[in-house]
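The structure under discussion appears below in the form of structure tokens.
Please treat every number below as a calculation from the coordinates, not as lab data. Model, not experiment: these values are computed from the prediction. Don't worry about glycine lacking a Cβ; one is built from the backbone with ideal geometry, like all the others, and counts go over all protein chains shown.
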Amino acid sequence: MNEKTTLPVKLPIKEPGAAHSGLSDWYWQRLSAVVLAVLLPLPFFLLVSVYGGSVDQQGLLDLLDHFISRLLHTLLIAALMIHVYMGLKVIIEDYVHVAGLRVCLTGAMLVVMTGFGIWWLAIIWAWGG
């Protein structure tokens with residue numbers, strides 16, 4: 001009997017993340033995608049209108065100066081930030097295996113995204129007076 005006996009190999013078990021089932025992440029990702037699908041064509045339509053000559057610069061500024069327009073921009077940036085955060089968080093959790101680096105990358109991502117969101121909202125709510 002010259003059979004080799006092998007010891008069972010213990011594979012590391014990955015602990016579930018903060019989301020556990022991932023349903024919450026999936027829900028927010030899809031909800032933000034629907035909001036983006038509805039709101040993103042509007043800025044492109046305005047861009048085409050301006051470059052096509054049907055809306056001049058003053059008409060565009062008058063249109064963007066309304067409260068509803070600012071509210072839609074705020075909703076757009078919120079949906080964009082949620083969508084980007086959820087997508088990048090999943091990518092970081094899947095491909096960065098060192099916990100400390102994962103936390104640092106997620107934190108850096110949040111700082112950059114928060115700064116960008118505040119900058120965008122400050123511009124939107126400050127123009128026009």
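For this structure, a couple of remarks:
- Cα centre as origin, Lys/Arg/Asp/Glu Cβ charges: the range 37-107 dipole, Debye: 240
- Computed log₁₀ I(q)/I(0) - Debye formula, equal Cα scatterers, no solvent, the range 57-129, q 0.14, 0.18, 0.24 Å⁻¹: -0.56, -0.74, -1.02
- W26-H66 FRET efficiency (beta carbon distance; Förster radius 35 Å; 0.05 resolution): 0.50
- Relative contact order of the range 57-129, defined on C-alpha pairs under 8 angstrom at six or more residues apart (%): 45
- Charge tally for V103 (other residues, Cβ to Cβ under 13 Å; Lys, Arg +1; Asp, Glu -1): +1.
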